[in-house]
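Novice: Would you mind keeping the following structure in view while I ask a few things?
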Amino acid sequence: MKKTALYDKHIALGAKMVPFAGYDMPVQYSNLGAEHLNVRENVGVFDVSHMGEFFVKGAGALDLIQRVTSNDASKLAPGKVQYSCLPNQDGGIVDDLLVYCLGQDDYMLVVNASNMEKDWAWIQKFNTENVNITDRSDEMSLLAVQGPKATAAINSLTDLDIASMEYYTVQVGTFAGIQNVIVATTGYTGSGGYEIYCENKDAEALWDAIFAAGKDQNIMPAGLGARDTLRLEMGFCLYGNDIDDTTSPLEAGLGWITKFTKDFTNSTALLAQKEAGVSRKLVGFDEIEKGPIPRHGYEIQNLEGETIGVITSGTMSPSMNKPIAMGYVARDYMKIGTEVQIMIRNKALKAKVAKFPFLQIG
């Protein structure tokens, strides 16, 4: 198991550590529900240093990114960030990722930890012009400071004007006395906040400074368990659960990051799928009949008992105190309000197709 630069901090805080994407990661510190609700109400800090960072710079950088990603990176100006995916050649997704435009011909791609080697090999496969691309994943740490009080918690630590940053933007500057820190208004919780990148050698100092500054905002560490329940309340996809090498971005409701104004990997086939209409789609489920929580892999049936799909993610929502889930269903069952049944331990629990996000914030 790899360890992040903050491993000793987690152990000192009594975190429950679990293997995740090749790393020993904190799944929770005290109580998952408390950590979740603190992010919704105050501010929480996640160590997500397991994520991968690839830097693409110089001549041909944009052309390479345009070729391998589904979104239109030509729309990015310096200081802007874009959610995108790497389509494969079989209609599925190699990975989903963030594309940061740090400057002219200067980009950072942030990829999922479990897919770093696969993503690197895939991008290099298309790097026929020898564009300058560097994998700095093992050198960098990432803290996600999330929640409505995030700005109040950390604003004093930097001269960057983070309070006026719009959603999905990025700045680089001095933070907590550390130079060349990357600060972005991205996140995976739906409650706002920042993702802060630094070198591993500065990670502990950054962690300590953030917690000292955020004391009056009830700042708390939060683990991967709360990260998962927070993202699921928003209907955000998790690679390996809700999207993978067999799911197309259109099926996953990611048509908004699939731009046919350019050519990219498998764009012709995906355009044909868009024009024909998808045969299945990722949808949400709530109003789930009382019983066990739906989990990944559980079968979805229509009311006649015919299999129509599969659950990809499910949890008990701490914010709403009810079970929620998402999964793929056949075309005839996509409409919001459609009644289905989820098979859990040989028992059929009724549920309704629901709109994302499950939780309305603000």
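The values are calculated or read from the model by the stated rules, or taken from the named source; none is laboratory data. Computed from a predicted structure; not experimentally measured. Cβ sites come from the backbone with ideal geometry, for glycine too, and all protein chains shown count toward neighbours.
Novice: Of the residues Ala269, Ala276, only one is out of contact with any Gly (no Cβ under 8 Å at 6 or more places or on another chain) and modelled with pLDDT of 95 or more; which? Spell out how you get there, then give the answer.
Specialist: Details: Ala269 fails: out of contact with any Gly (no Cβ under 8 Å at 6 or more places or on another chain).
The match here is Ala276.
Novice: Sticking with this one: Among Ile288, Ile342, Ile336, which is the only one that is assigned to a loop (DSSP other than H, G, I, E, B) and either over 28 Å from Asn71 (Cβ atoms) or among the small types (Gly, Ala, Ser) (or both)? Working first, answer last.
Specialist: Working: Ile342 fails: assigned to a loop (DSSP other than H, G, I, E, B); Ile336 fails: either over 28 Å from Asn71 (Cβ atoms) or among the small types (Gly, Ala, Ser) (or both).
The unique qualifying residue is Ile288.
Novice: Could you look through the range 168-189, keep only residues that are buried (at least 21 other Cβ atoms within 10 Å of the Cβ) and small (Gly, Ala, Ser), and pick out the one that is nearest to Leu97 (Cα to Cα)?
Specialist: The residue in question is Gly187.
Conditions (1) polar (S, T, N, Q); (2) within 20 Å of Phe46 (Cβ to Cβ); (3) not assigned by TED's automatic domain parsing to the domain that holds Val81, marked per residue:
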site	(1), (2), (3)
Trp120	no, no, no
Val145	no, yes, yes
Gly173	no, no, yes
Gln179	yes, no, yes
Gly187	no, yes, yes
Glu199	no, yes, yes
Asp208	no, yes, yes
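Novice: A follow-up question, please. Counting just the residues of the range 123-157 that are over 25 Å from His36 (Cα atoms) and assigned to a strand (DSSP E or B), which one comes out farthest from the chain's Cα centre (by Cα)?
Specialist: Residue satisfying both the conditions and the ranking: Asn132.
Novice: For the subset of the range 1-54 comprising residues that are of a type in the set (Val, Ile, Thr) and in contact (Cβ under 8 Å) with a residue 40 or more places away in the chain, which member is surrounded by the fewest Cβ atoms within 10 Å (Cβ to Cβ)? Show your work before the answer.
Specialist: Kept after step one, since they are of a type in the set (Val, Ile, Thr), are these residues of the range 1-54: 4, 11, 18, 27, 39, 43, 45, 48.
Of the ones still in play, those that are also in contact (Cβ under 8 Å) with a residue 40 or more places away in the chain are 4, 18, 27, 39, 43, 45, 48.
Working: Thr4: 20, Val18: 15, Val27: 17, Val39: 33, Val43: 27, Val45: 26, Val48: 19.
Step by step, filter the range 1-54, then rank; the result is Val18.
Novice: Further, regarding this structure: Being closer than 19 Å to Leu6 by Cβ and of a type outside the set (A, V, I, L, M, F, W, C) is the filter here, so list the residues in the range 190-206 that pass it. Talk me through it step by step, then tell me what you get.
Specialist: Pass one, the range 190-206, residues closer than 19 Å to Leu6 by Cβ: 193-206.
Hits for the range 190-206 are Gly193, Tyr194, Glu195, Tyr197, Glu199, Asn200, Lys201, Asp202, Glu204.
Novice: Only residues in the range 154-178 that are among the charged types (D, E, K, R) count as the first member; pair them with residues that are buried (at least 16 other Cβ atoms within 10 Å of the Cβ), Cβ under 8 angstrom, at least 6 apart or cross-chain, and list the lot.
Specialist: Asp161/Gln171; Glu166/Thr185
To keep it simple, each residue is scored yes or no on (1) surrounded by fewer than 23 Cβ atoms within 10 Å (Cβ to Cβ); (2) among the basic types (Lys, Arg); (3) part of a loop (DSSP other than H, G, I, E, B).
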residue	(1), (2), (3)
Val81	yes, no, no
Gln89	yes, no, yes
Asp95	no, no, no
Leu98	yes, no, no
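Novice: Examine the range 137-147 for a residue that is more than 20 Å from Glu195 (Cβ to Cβ) and in contact with a strand residue (DSSP E or B) (Cβ under 8 Å, 6 or more places away or on another chain), and state whether such a residue exists. Let's see the steps before the verdict.
Specialist: Quick first cut of the range 137-147, residues more than 20 Å from Glu195 (Cβ to Cβ) only: none.
The answer is no, given that none of the residues of the range 137-147 is more than 20 Å from Glu195 (Cβ to Cβ) and in contact with a strand residue (DSSP E or B) (Cβ under 8 Å, 6 or more places away or on another chain).
Novice: Condition check: of a type in the set (Asp, Glu), out of contact with any strand residue (DSSP E or B) (no Cβ under 6 Å at 6 or more places or on another chain), assigned to a helix (DSSP H, G or I) and farther than 30 Å from Gly44 by Cα. Does Glu204 satisfy that? Working first, answer last.
Specialist: On the way: of a type in the set (Asp, Glu): yes; out of contact with any strand residue (DSSP E or B) (no Cβ under 6 Å at 6 or more places or on another chain): yes; assigned to a helix (DSSP H, G or I): yes; farther than 30 Å from Gly44 by Cα: no.
The answer is no for Glu204.
Novice: Among the residues of the range 37-57, is there at least one that is within 30 Å of Phe126 (Cα to Cα), modelled with pLDDT under 95 and of a type in the set (A, V, I, L, M, F, W, C)?
Specialist: no
Novice: Just wondering, is there one or more residues in the range 158-167 that are within 17 Å of the chain's Cα centre (by Cα), in the same structural domain as Leu37 (by TED's automatic domain parsing) and surrounded by fewer than 17 Cβ atoms within 10 Å (Cβ to Cβ)?
Specialist: Narrowing the range 158-167 to residues within 17 Å of the chain's Cα centre (by Cα): 167.
In the following step, the residues that additionally are in the same structural domain as Leu37 (by TED's automatic domain parsing) were identified as 167.
If we keep only those that are surrounded by fewer than 17 Cβ atoms within 10 Å (Cβ to Cβ) as well, we get 167.
Yes, because at least one residue in the range 158-167 is within 17 Å of the chain's Cα centre (by Cα), in the same structural domain as Leu37 (by TED's automatic domain parsing) and surrounded by fewer than 17 Cβ atoms within 10 Å (Cβ to Cβ).
Novice: Does the range 202-213 hold any residues that are over 18 Å from Ala15 (Cβ atoms) and touching a helix residue (DSSP H, G or I) at 6+ places or on another chain (Cβ under 7 Å), and which are they? So that I can check it myself, show each step before the final result.
Specialist: Filtering the range 202-213 down to residues over 18 Å from Ala15 (Cβ atoms) leaves 202, 205, 209, 212-213.
Listed by number, the residues that qualify are Ala209, Ala213.
Novice: Determine which member of the set Gly255, Gly305, Gly277 is within 18 Å of the chain's Cα centre (by Cα) and not aliphatic (A, V, I, L, M).
Specialist: On inspection, the qualifying residue turns out to be Gly255.
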